[in-house]
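Worksheet: the structure to be examined is printed underneath.
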Amino acid sequence: MEDIDVVVIGAGQAGLTGSYHLQRAGIDHVVLDHGDGPGGAWRHRWPSLRLGSVHGIHDLPGSPLRETDGARPAAEVVPEYFGRYEYEQELPVLRPVKVDAVRDGGERLLVDSSAGTWAARAVLNATGTWENPFWPHYPGQNSFAGRQLHTADYRGPEEFRGRRVIVVGGGISAVEHLLEIADVTETTWVTRRPPEFTDAEFTPVDGRAAVAEVERRVRLGLPPGSVVSATGLPNTPAVQAARDRGVLNRLPMFERITADGVEWADGRSQRADVILWATGFRPVIAHLAPLHLRGPGGGIRVAGTRAVAEPRLHLVGYGPSASTIGANRAGRAAAREITDLVRERSRKP
């Protein structure tokens, strides 16, 4: 067991930002990252997702992205950027390290991992959501004879050429999948709620309102939901063209899955070879279970970035900070608060 001031879990945008500010404050810390290399969740994005079509990548503190070729895959550009950042800033990242549990060790929090156990004065959890894809359950799901996959498994449209594909989900990822797959085969779009397309410019006021709603939920201990879900789907020229072609004619959620497709309550059916679940992700927080922080609503009560029931734990990339710019702000705020906590406890006899 090794004593240390702070353990940062995760080396994505939020984790690297937190590490940067802890480093500048002179706080002894380590960053434990589960990935085989730098880049966080960006390492696993589908190859056809180009940098120019990504909905914003905010610069890490102290080092701009600089990449200007929007045609390059984001899964190449961002890991290169993160890796260069770790090296230039001399951040103490260890990988691949799997964190199994965070436990209350009395004076310190104990972080059990595949690389040993750390006894930390504080923990900054920046594990994001990518490793926890959400799969809804519907009757007959196990009887489907075709292929089922999640956005986390998606690698591009070519593997679906000539196959009938049902895309499930009402978010941006579902729309992006449909825009690509509809060029090579027949698609059907299914969502729980009617999608809302907007031509309006997304203003800072809109952004603050969306973030405020997610903050309200995490203060109450509810699952955070998504900031993006509150903003609507941007009606870009590509999206409008797909709507005009009928690609984005949405159907309501089906009632059951059959061996060769899906069925609705009114008796309608649709044959399919593939069901692609673009149904989002949930926070990766199972390793925090020994701290017993989940409330009756299923979420962790958070004030700012601090867990209300465990002030030595901060969650970044969780709830309102689950975006690149939000992760930067949260990483900086958490690092400042943790720095104050560490210095205060270091002065105690």
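It is to be established whether one or more residues within the range 127-142 are modelled with pLDDT of 95 or more, touching a Lys or Arg at 6+ places or on another chain (Cβ under 9 Å) and part of a helix (DSSP H, G or I).
Yes, there is a match, as at least one residue in the range 127-142 is modelled with pLDDT of 95 or more, touching a Lys or Arg at 6+ places or on another chain (Cβ under 9 Å) and part of a helix (DSSP H, G or I).
Where the second residue is surrounded by fewer than 18 Cβ atoms within 10 Å (Cβ to Cβ) and the first is farther than 12 Å from residue 238 by Cβ and lies in the range 171-184, which pairs have Cβ atoms under 6 Å and are six or more apart or on separate chains?
184/161
Can you find a residue that is charged (D, E, K, R) and surrounded by fewer than 19 Cβ atoms within 10 Å (Cβ to Cβ) anywhere in the range 284-299?
yes
Specify the residue that is nearest to residue 317 (Cα to Cα); the eligible residues are those in the range 116-148 that are surrounded by fewer than 16 Cβ atoms within 10 Å (Cβ to Cβ) and of a type in the set (A, V, I, L, M, F, W, C).
Here the answer is 134.
Residue by residue, here is whether (1) closer than 23 Å to residue 342 by Cβ; (2) among the hydrophobic types (A, V, I, L, M, F, W, C); (3) touching a Ser or Thr at 6+ places or on another chain (Cβ under 8 Å) holds:
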| position | (1), (2), (3) |
| --- | --- |
| 37 | no, no, no |
| 40 | no, no, no |
| 62 | yes, no, no |
| 77 | no, yes, no |
| 83 | no, no, no |
| 89 | yes, no, yes |
| 100 | no, no, yes |
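In this structure, does residue 85 turn out to be among the aromatic types (Phe, Trp, Tyr), within 22 Å of residue 314 (Cβ to Cβ), in the same structural domain as residue 307 (by TED's automatic domain parsing) and touching a Leu at 6+ places or on another chain (Cβ under 9 Å)?
It is true that residue 85 is among the aromatic types (Phe, Trp, Tyr), within 22 Å of residue 314 (Cβ to Cβ), in the same structural domain as residue 307 (by TED's automatic domain parsing) and touching a Leu at 6+ places or on another chain (Cβ under 9 Å).
Would you confirm whether any residue within the range 233-252 is assigned to a strand (DSSP E or B) and on the phi > 0 side of the Ramachandran plot?
No, the conditions are met nowhere in the range 233-252.
Which of the residues belonging to the range 46-68 are assigned to a loop (DSSP other than H, G, I, E, B), more than 24 Å from residue 25 (Cα to Cα) and among the small types (Gly, Ala, Ser)?
Within the range 46-68, 48, 56 meet the criteria.
Inspect all residues belonging to the range 85-95 and state whether any of them is touching an Asp or Glu at 6+ places or on another chain (Cβ under 7 Å), basic (Lys, Arg) and either within 29 Å of residue 172 (Cβ to Cβ) or in contact (Cβ under 8 Å) with a residue 12 or more places away in the chain (or both).
Checking the range 85-95: at least one residue is touching an Asp or Glu at 6+ places or on another chain (Cβ under 7 Å), basic (Lys, Arg) and either within 29 Å of residue 172 (Cβ to Cβ) or in contact (Cβ under 8 Å) with a residue 12 or more places away in the chain (or both).
Kindly list the number of the only condition in (1) surrounded by fewer than 18 Cβ atoms within 10 Å (Cβ to Cβ); (2) among the polar types (S, T, N, Q); (3) modelled with pLDDT under 95 that fails for residue 173.
Against the list (1) surrounded by fewer than 18 Cβ atoms within 10 Å (Cβ to Cβ); (2) among the polar types (S, T, N, Q); (3) modelled with pLDDT under 95, residue 173 comes up short only on (1).
When only residues in the range 17-45 that are part of a helix (DSSP H, G or I) and more than 15 Å from the chain's Cα centre (by Cα) count, which is surrounded by the fewest Cβ atoms within 10 Å (Cβ to Cβ)? First the steps, then the outcome.
So the first thing to find is which residues in the range 17-45 are part of a helix (DSSP H, G or I), and the list is 17-24, 40-44.
From what is left, the residues that are more than 15 Å from the chain's Cα centre (by Cα) are 17-24.
Numbers: 17: 31, 18: 35, 19: 28, 20: 22, 21: 22, 22: 27, 23: 17, 24: 13.
My answer is 24.
Checking residue 51 against (1) closer than 30 Å to residue 340 by Cα; (2) surrounded by 15 or more Cβ atoms within 10 Å (Cβ to Cβ); (3) under 18 Å from the mean Cα position of the chain (by Cα), which test does it fail?
Evaluating residue 51 over (1) closer than 30 Å to residue 340 by Cα; (2) surrounded by 15 or more Cβ atoms within 10 Å (Cβ to Cβ); (3) under 18 Å from the mean Cα position of the chain (by Cα) leaves (1) as the failure.
Among the residues of the range 301-317 satisfying the criterion of being modelled with pLDDT under 95 and in contact with a helix residue (DSSP H, G or I) (Cβ under 7 Å, 6 or more places away or on another chain), which is farthest from residue 106 (Cα to Cα)?
Top of the filtered list is 317.
Test residue 71 against the stated conditions and say whether it is assigned to a loop (DSSP other than H, G, I, E, B) and touching a helix residue (DSSP H, G or I) at 6+ places or on another chain (Cβ under 8 Å).
For residue 71, the condition - assigned to a loop (DSSP other than H, G, I, E, B) and touching a helix residue (DSSP H, G or I) at 6+ places or on another chain (Cβ under 8 Å) - is met.
So which residues in the range 271-302 are within 20 Å of the chain's Cα centre (by Cα), of a type in the set (Gly, Ala, Ser) and either over 23 Å from residue 12 (Cα atoms) or part of a strand (DSSP E or B) (or both)?
298
Being assigned by TED's automatic domain parsing to the domain that holds residue 34, hydroxyl-bearing (Ser, Thr, Tyr), under 30 Å from residue 293 (Cα atoms) and without any contact (Cβ under 8 Å) to a residue 60 or more places away in the chain: is that true of residue 63 here?
Numbers: assigned by TED's automatic domain parsing to the domain that holds residue 34: yes; hydroxyl-bearing (Ser, Thr, Tyr): yes; under 30 Å from residue 293 (Cα atoms): no; without any contact (Cβ under 8 Å) to a residue 60 or more places away in the chain: yes.
Judged against the criteria, residue 63 is not a match.
When the residues of the range 78-115 are narrowed to those that are assigned to a helix (DSSP H, G or I) and touching a strand residue (DSSP E or B) at 6+ places or on another chain (Cβ under 9 Å), which ends up surrounded by the fewest Cβ atoms within 10 Å (Cβ to Cβ)?
In this case the residue turns out to be 88.
The values are calculated or read from the model by the stated rules, or taken from the named source; none is laboratory data. Treat the numbers as computed from the prediction; the structure is a model and nothing was measured. Here Cβ is always computed from backbone atoms with ideal geometry, including for glycine, and neighbour counts include all displayed protein chains.
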